[in-house]
Amino acid sequence: MVQSTSKIELTYKSKDTEEFIDVYFYRPVGYILARFSHSLRLTPNSITFASIFVGVAAGHLFYYNNFTVNLIGIFLLIIANLMDSVDGQLARMANICSRYGRILDGFGGNLWFFSIYIHITLRLIDIGFSPAVFLIILLAGISHSFQSAYADYYRNHYLFFVYGKKRSEIDDSATLKMDYGQLSWFKHFPQKFLMRVYINYTLQQEMLSKYLLKLYNYAAAKFRDGLPENITQVYRSKNKPLVKYFNILTTNTRMFILFISILSGHFLFYFLFELIVLNLLLVYVINKHEKNSKETYQEICQLEM
């Protein structure tokens, strides 16, 4: 059992950043499915594509005012989220991680929620809500985009500073723009389209990350062979308490609230949760993380003197 658990943990991004439901459901089941997929020589991208269809179908089922159909939609969304775990675990297991795989994975998640939001909007209008409800849901969708983007960005920097460059997936917009310029719309349409989406996503992440970027650029240039342990400890002590908030801003908590809203019929509860609770949390996390980054940068500079 211990050996099995350690093998599963090898497919984590890190133990620090895993949530309770990940550790006890998504990762163990995902590990079994990832091994099975590997034996069939399936690729992570093929699983990602399948998860997109399942997630979009789940969103469609939330349009219907039928409890059983909605339950099936919830089940499909859980399956899509499980497949999202499988593709990452398979990529790490087979050592075939790629930038385009990560971009496709993130883009796929956006398509799930686009389907969910559109179909819930149509359902609300059908039952008598003003078409103006679309504006509330649009603002919730924009908020969702920022919440997920910053949570992902901060988690990746946490992985870089605490576990090293190999565990993190950090890109900068300047490098991405150079790579984008080398692609042809005619010859590389899928890659160029995804790269354009990813550049916008990265610019969004960098927008409010002045001190984090300063800290990261300094550390990456100064310590090319790996960060010293004392710097890792400084960063971890300041930012580990924020990890639980990064996780709340991503998928699992959001889906739990979504399911309650769907089953109870109070759809606006979910969107108000995104607009009020998660946005307030995002503002706190951005301010606190920037403060931590500024302090960490100053401490590193003092250590180097």
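Of note:
- The helices (runs of 4 or more DSSP H) falling completely within region 207-305 that include 1 or more residues that are closer than 19 Å to D171 by Cα map to 210-222, 229-248, 279-304.
- Helices (runs of 4 or more DSSP H) wholly inside region 83-202 that include at least 2 residues being charged (D, E, K, R) and within 16 Å of the chain's Cα centre (by Cα): 99-126, 133-163
- Across region 184-204, the qualifying residues are those that are farther than 23 Å from F146 by Cα and of a type in the set (F, W, Y), and the one among them that is modelled with the lowest pLDDT is F186.
- Only one of the listed residues (I125, I96, I79) is at pLDDT below 95 and either assigned by TED's automatic domain parsing to the domain that holds T250 or of a type in the set (V, I, T) (or both). That residue is I96.
- Per this entry, Y26 is not counted among residues that are within 17 Å of the chain's Cα centre (by Cα), surrounded by fewer than 20 Cβ atoms within 10 Å (Cβ to Cβ) and in contact (Cβ under 8 Å) with a residue 12 or more places away in the chain.
The values are calculated or read from the model by the stated rules, or taken from the named source; none is laboratory data. Computed from a prediction, not measured in an experiment: that's the story for all the values here. Note that we place each Cβ from the backbone using ideal geometry, even for glycine, and neighbour counts take in every protein chain shown.
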